[in-house]
Amino acid sequence: MPYANQPSVTITDLTAENVKFQLEDTDLSVANAIRRVMIAETPTIAIDWVQFEANSTVLSDEFLAHRLGMIPLTSDDQVENMQYSRDCTCSDFCPDCAVEFTLDVKCSDEQTRHVTTDDFKSAEPKVVPVTSRGREEESNEYGESDDILIVKLRKGQELKVRAYGKKGFAKEHAKWNPTAGVSFEYDPDNALRHTLYPKPAEWLKSEYTEIEDEDIHQAEYDFQSKPNKFFFNVEGVGSLKPENIVLMGVQILKKKLSDLQTQLQLELHNDALTI
């Protein structure tokens, strides 16, 4: 492929929740590798250790621990400075590999008490539930958002928890997935016929279609063409900004390829010495 090492990127839309961009002059396998890395290998911070000091709610400890683990935590400013707990030299938890959270709520009224992410307090101001970020600032660029409900308490019920957030990626558990959805399309007018529509007129046209005639629903079949333009849409859950998901994903893919190249060169060098 003459264009394999000269790809280009054009950002078409960028918001706090998602980014749309066009990747051109590269192979389908490269585009799919970037998509998979963004989903499965981009690190974030999530609750991974929970200790219950008191729980008289209707939900079991395991159920609540799972709910806490699935709360997205802001990771943009801290995740790259943290170590994986398996790589840290500490014996238990330390600021280099973990972030401490506490939750202590008791219902003493007749009215039902909603325990939400607003009650979930972090020892590190840079790592908080995504619904709580920016509330202490005068100008909140993220706007107001509803807190995530953890559990409901009735009079006399109590929940007291200590938890630690750790760095990880979605290959280990889905709670570390920074994306709500990553998709791309490469043939908006179906010229390659990778999808066969029984009745093309019944299907909506892609937003990237180049066909202006409303009576024409798909392009002429081009058996010689190859995909080389990819329309990405990356939507984040809030733990990372969408642009950071893309940048970190590309960096991780680049490192994996670099490590592969280094290891291959080492193997070839060892083989040459053996001969």
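Data overview
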| read-out | value |
| --- | --- |
| Neighbour cut-off at most 16 other Cβ (10 Å), DSSP loop, chymotrypsin sites (Phe, Trp or Tyr not before Pro), segment 215-275 | Tyr221, Phe223 |
| Cα-Cα over 22 Å, subset of Lys166/Lys254; Lys205/Lys229; Lys171/Lys256; Lys106/Lys126; Lys126/Lys171; Lys171/Lys226 | Lys166/Lys254; Lys106/Lys126; Lys126/Lys171; Lys171/Lys226 |
| Listed residues Ala191, Ala174, Ala201, most fluctuating in the chain (Gaussian network, C-alpha, under 10 Å) | Ala201 |
| Between 0 and 90°, nearest 10: helix 28-40 axis offset from the chain longest Cα axis | 0 degrees |
| Segment 253-269 - phi-based ³J(HN,Hα) in whole Hz, Karplus 6.51/-1.76/1.60, Gly and Pro as x | 4, 4, 5, 4, 5, 5, 5, 5, 5, 4, 5, 5, 5, 5, 5, 5, 5 |
| Exposure of Arg36 as accessible area (Å², to 10), given a probe of 1.4 Å and all protein chains | 150 Å² |
| Per residue solvent-accessible surface (Å²) - the chain, probe of 1.4 Å | 62 Å² |
| Most mobile of Gly156, Gly249, Gly181 in a GNM of the chain (Cα contacts under 10 Å) | Gly156 |
| Projected-area mean, segment 64-122, by convex hull of Cα positions, square nanometres | 5.5 nm² |
| Formal net charge of residues neighbouring Pro227 (Cβ-Cβ distance under 14 Å; K, R +1; D, E -1) | -3 |
| Exposure of Ser122 as accessible area (Å², to 10), given a probe of 1.4 Å and all protein chains | 40 Å² |
| At R0 = 22 Å, FRET efficiency that the Cβ-Cβ distance of Thr262 and Glu24 yields, to 0.05 | 0.15 |
| The chain: equivalent-ellipsoid semi-axes (sqrt of 5 x gyration tensor eigenvalues, Cα, Å) | 43, 29, 16 |
| Calculated SAXS-style log₁₀ I(q)/I(0) at q = 0.11, 0.22, 0.23, 0.25 Å⁻¹ - segment 20-115, Debye, Cα scatterers | -0.56, -1.21, -1.26, -1.36 |
| Reach of Lys241 by Cα under 12 Å, taken over aspartates and glutamates that are not fewer than 8 positions away in the same chain | Glu17, Asp76, Asp77 |
| Highest-MSF residue in the chain out of Pro242, Pro72, Pro198 [GNM, Cα springs under 10 Å] | Pro198 |
| Area accessible to solvent at Met82, 1.4 Å probe radius, in Å² | 10 Å² |
| Net charge dipole size for the chain [Lys, Arg +1 and Asp, Glu -1 on Cβ; Debye, nearest 20] | 1060 debye |
| Compactness index (Cα Rg / 2.2 N^0.38 Å), segment 76-220 | 1.66 |
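The values are calculated or read from the model by the stated rules, or taken from the named source; none is laboratory data. Everything numeric in this text was worked out from a predicted model, so none of it was measured. When we count neighbours, we look across all protein chains shown, and the Cβ atoms used for this are built from the backbone with ideal geometry, even at glycine. Keep in mind that these areas ignore ligands, DNA and RNA; they rest on the heavy atoms of the full protein, side chains included. Shrake-Rupley method; radii C 1.70, N 1.55, O 1.52, S 1.80 Å.
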